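Below is one structure, written out as structure tokens, with a few remarks after it.
The values are calculated or read from the model by the stated rules, or taken from the named source; none is laboratory data. Predicted model, so just to flag it, every value in this text is computed and none were measured. A quick note on method: Cβ atoms are made from the backbone with ideal geometry, for glycine too, and the neighbour counts reach across all protein chains shown.
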Protein chains: 2
Amino acid sequence: MAGELSGGDLSRLRQLNALAVIKALQGGPSLTLTEVAKRTGLSRASTEDVVRELLHKGWVAEAGATAGGVGRPARRYRFRAEAGRVLGIDIGGHKIRAVVADLDGAVLHSARVPVTPEMGRVERLEAVDRAAAECLEGAGLSGGDVWASGVGTTGLVDGAGRVMLSEALPEWTGVDLAAHVRRMAPGPVLVENDSKLAALAECWRGVARYAKDMVFLLAGLRTGAGLVIDGKLHRGFANASGEIGALPVLGWIRAQEHLSAASGEAGDVFAAARAGDKAAAAAVRRYVKDLALGASALVLALDPQMVVIGGGFSRSADVLIEPLRRELDRWCIRTPEVRMSALGGEGVVLGAVRLALDDVEERVLDGRTPLVSHL
Amino acid sequence: MAGELSGGDLSRLRQLNALAVIKALQGGPSLTLTEVAKRTGLSRASTEDVVRELLHKGWVAEAGATAGGVGRPARRYRFRAEAGRVLGIDIGGHKIRAVVADLDGAVLHSARVPVTPEMGRVERLEAVDRAAAECLEGAGLSGGDVWASGVGTTGLVDGAGRVMLSEALPEWTGVDLAAHVRRMAPGPVLVENDSKLAALAECWRGVARYAKDMVFLLAGLRTGAGLVIDGKLHRGFANASGEIGALPVLGWIRAQEHLSAASGEAGDVFAAARAGDKAAAAAVRRYVKDLALGASALVLALDPQMVVIGGGFSRSADVLIEPLRRELDRWCIRTPEVRMSALGGEGVVLGAVRLALDDVEERVLDGRTPLVSHL
DNA sequence: AAGAAATATCATGGAGAGCATCATTATTCG
DNA sequence: CGAATAATGATGCTCTCCATGATATTTCTT
């Protein structure tokens, strides 16, 4: 009804300041009150007030004092990352990966269940359940302890967590993943396309940590993209952003074929090219040309600060990155920094964790906090 | 030093609420205190307090009471759009257009000076001066009265307001537009590429008013694009977003040639096609095919809610829009709504006004308000 | 025309949040 | 052991918002 024009109550101010304190404490080492005050811009007195409240509510804990230094030693406080847990799941063609993480995003336990692309829907969902269950058990949790879950999957995902279209896994189209995962972990479940999550992960923990605008390229058996714009994951109106591969002239459809034509297994081609095999080198060259065409379209459209290459082929950085840079140079007005992902196979699942954490943080900010004094 | 984690002082809360009140009043008709209170979510008492302060500072004025209705008639308040002025300038190849607008963005006076693409740098800058001067004079203002200026120009613009590269106007490359305009209007000067500004205008006053993600296509003698993502103009890392035309396979480079090959003047081709000329119709078809290729790349990359066509050719909507829709359908996963701009030649200059107003609003929000009681 | 009803404005007091200031406390240094 | 240093705790002030009730101004009803 009222368009929520911001502003509001005094308690809102306290919420904002409490969140600022949490942000100051999160991730980093334990801090003294004076340090927190300096970082948040609050006065020392107010900081003390806020921290006391957060302490009471269980968001913050006292950490051991550090010796040394003159004067009365300060109490140190840290974010209680262990106050809550989130679940991250990556559903791929060949493996299901699940992790439990704390509120800092530190992985507490992880599980991995191999699957095959040919598996049917039911079988695959069972594998998801197994991975998640193993992971929760390993961390000593039940589903109810999970504050939010993030799920990454191939294919287009709608806003409600249903898979709308998956080319790689035909049986997968139409699965209501959110509903399925919610049966195990009753909290909010956020489902997202895997390329998008990998992009998110790179901006959080990967090589794009300080980039506000970034294009992530999934280079592997499938080719895809994820976009981070202005520090936020860009989904698009129907969650179909980054699907530049659908345009034939941009080459992503045929890109992978160059490699499989040269050899049975894609990975082998890179090895052969590295070893000096002429035919393999030519195949890689053709692959990179096609990959770069679509990438250039994205770069020209968005002018990002950085392009990050992930996916299975990112292991072959040595034969990929330089040719790719050259090809981008050929088409782009300003060639952005090109870097290889260092997250390996963990990118998607980390992005899923980040997605879940974003949801938690948003709810904290709105005051709809699930936490009521855990002490 | 401190990373500004938000939150802060009590006065900040007041600022937020004052801004909410201003937003509630802006644009719309005059409101009573109770109505403002309802819209902002504040209590009536606080609203009264805030409005009194804004009244004193000159942001708000009392409007005539409306008769009718039972009970004591309420005082009505309105946003004092006349409290400040902004200047908007559109520097095109064939015309310079300048407008003075109030804080609501209502155009108070406008001026138009014809130029030619062949004109040299000095001559063109003189024309800019003339347009701006005429406009200011017509509105009875001096440059010092202008709170901020927005300038739109062809070519790439750097962050400081210098033209970095203009293909259409070779002499234009390297001009420091911000510095030049500042000599006349000493306030902040924001310079931006014209396609981007046209996009901004469409989201503000045009057909994309309710779209958060939008792609604007400049279809005319030049072909270009402007992107609005998440309600904000997307500039890119080096202000070079939307330059998808640089990729030859996407056809924007050759798009216009189909038309000029068919006839001397581009406008005539559309007329001829409309009249049933086979050759002209074929030329238009080829043009639309090329235009749609680049547009599809943008749509697939971003998945916007809407595509808006502007520029000179948008007058020929009847022969353009349906074929374009069909072509987009051919390539896109989800074809967005396609609409023609209704702003005509005013798009860029309106976008320039919006740019200036954004700057003003940002400064208001930060409390660095230039206004100190104008009563 | 007088009272009732409706609606707006004005005034008072209270609660929450933040801040400045100063006394107190716990350390280390000399 | 005293001086210097730095954190903590307590007090009182101001600012902002809000609830409540008194007062003012208008229309409607009888």
Taking residue B:228 as meeting all but one of (1) in contact with a Cys (Cβ under 9 Å, 6 or more places away or on another chain); (2) assigned to a helix (DSSP H, G or I), write down the number of the exception.
-> (2)
Test for residue A:230: is it surrounded by fewer than 18 Cβ atoms within 10 Å (Cβ to Cβ), within 14 Å of chain B (Cβ to nearest Cβ) and acidic (Asp, Glu) | yes
Residue B:349: at pLDDT 90 or above, in contact with a Lys or Arg (Cβ under 7 Å, 6 or more places away or on another chain) and in a strand (DSSP E or B), yes or no?
-> no
So, first residue among the polar types (S, T, N, Q) in the stretch A:52-79, second residue assigned to a loop (DSSP other than H, G, I, E, B), Cβ within less than 9 Å, six or more apart or across chains; the pairs are A:66/A:30; A:66/A:73; A:66/A:74
Subset of the stretch B:205-216 (residues that are in contact with a Leu (Cβ under 7 Å, 6 or more places away or on another chain) and either in a strand (DSSP E or B) or surrounded by fewer than 23 Cβ atoms within 10 Å (Cβ to Cβ) (or both)) | B:205, B:215
Output for the stretch A:14-33, where each listed residue is away from chain B (no Cβ under 11 Å) and within 14 Å of DNA strand C (Cβ to nearest atom) | A:32, A:33
Single match in B:243, B:202 (criterion: over 28 Å from residue A:290 (Cα atoms), of a type in the set (Asp, Glu) and surrounded by 16 or more Cβ atoms within 10 Å (Cβ to Cβ)) = B:202
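Any residue in the stretch B:96-103 that is more than 14 Å from DNA strand C (Cβ to nearest atom), of a type in the set (D, E, K, R), touching a residue at least 12 places away in the same chain (Cβ under 8 Å) and closer than 30 Å to residue B:198 by Cβ?
Yes, that holds for at least one residue.
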Restrict the check to the stretch A:72-84 and report whether at least one residue is within 14 Å of another protein chain (Cβ to nearest Cβ) and not acidic (Asp, Glu).
-> yes
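Yes or no, residue by residue, for (1) within 30 Å of the chain's Cα centre (by Cα); (2) touching a residue at least 60 places away in the same chain (Cβ under 8 Å):
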site: A:225; (1), (2): yes, yes
site: A:240; (1), (2): yes, yes
site: A:272; (1), (2): no, no
site: A:287; (1), (2): yes, no
Please specify each residue of the stretch A:44-59 satisfying the condition of being within 13 Å of DNA strand D (Cβ to nearest atom), over 11 Å from residue A:17 (Cα atoms) and of a type outside the set (D, E, K, R).
-> A:45, A:55
State which residue is surrounded by the most Cβ atoms within 10 Å (Cβ to Cβ) when the search covers only the stretch B:33-43 and only residues that are near DNA strand D (Cβ under 10 Å from one of its atoms) and closer than 17 Å to residue B:22 by Cβ.
-> B:40
Which one of the conditions (1) modelled with pLDDT under 90; (2) on the phi < 0 side of the Ramachandran plot; (3) not assigned by TED's automatic domain parsing to the domain that holds residue A:361 does residue A:118 fail to meet, given that it meets all the rest?
-> (3)
In the stretch B:65-82, which residues are aliphatic (A, V, I, L, M) and either within 11 Å of DNA strand C (Cβ to nearest atom) or at pLDDT 90 or above (or both)?
-> B:65, B:70, B:74, B:81
Looking only at the stretch B:304-356, which residues are among the basic types (Lys, Arg) and either within 14 Å of another protein chain (Cβ to nearest Cβ) or without any contact (Cβ under 8 Å) to a residue 60 or more places away in the chain (or both)?
-> B:315, B:325, B:326, B:330, B:334
Of the residues A:272, A:297, A:282, which single one is small (Gly, Ala, Ser) and within 14 Å of chain B (Cβ to nearest Cβ)?
-> A:297
Do we find a residue being of a type outside the set (Gly, Ala, Ser), assigned by TED's automatic domain parsing to the domain that holds residue B:215, under 13 Å from residue B:338 (Cα atoms) and assigned to a helix (DSSP H, G or I) anywhere in the stretch B:300-315?
-> no
If you go through the stretch B:192-200 one residue at a time, do you hit one that is part of a loop (DSSP other than H, G, I, E, B), polar (S, T, N, Q), within 14 Å of chain A (Cβ to nearest Cβ) and touching a strand residue (DSSP E or B) at 6+ places or on another chain (Cβ under 8 Å)?
-> no
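This table checks each residue for (1) assigned by TED's automatic domain parsing to the domain that holds residue B:176; (2) polar (S, T, N, Q).
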site	(1), (2)
B:193	yes, yes
B:215	no, no
B:218	no, no
B:225	no, no
B:230	no, no
B:241	no, yes
B:244	no, no
B:283	no, no
B:292	no, no
Which condition number in (1) surrounded by 14 or more Cβ atoms within 10 Å (Cβ to Cβ); (2) within 16 Å of DNA strand C (Cβ to nearest atom) is the one that residue B:109 fails?
-> (2)
Give the residues of the stretch B:60-92 that are surrounded by 12 or more Cβ atoms within 10 Å (Cβ to Cβ), of a type in the set (D, E, K, R) and within 11 Å of DNA strand D (Cβ to nearest atom), sorted by residue number.
-> B:75
Looking at this structure, is residue A:36 under 25 Å from residue B:10 (Cβ atoms), away from DNA strand C (no atom under 12 Å from the Cβ), outside the structural domain of residue A:360 (by TED's automatic domain parsing) and touching a strand residue (DSSP E or B) at 6+ places or on another chain (Cβ under 8 Å)?
-> no
Looking at this structure, is residue A:105 in contact with a strand residue (DSSP E or B) (Cβ under 7 Å, 6 or more places away or on another chain) and either not in a loop (DSSP other than H, G, I, E, B) or not assigned by TED's automatic domain parsing to the domain that holds residue A:226 (or both)?
-> no
Pairs only if they're at least six apart or on different chains, beta carbon under 8 angstrom, first in the stretch B:10-30 and assigned by TED's automatic domain parsing to the domain that holds residue B:52 and within 15 Å of residue B:58 (Cα to Cα), second near DNA strand D (Cβ under 8 Å from one of its atoms) and part of a loop (DSSP other than H, G, I, E, B); list them, first residue then second.
-> B:19/A:7; B:21/B:42
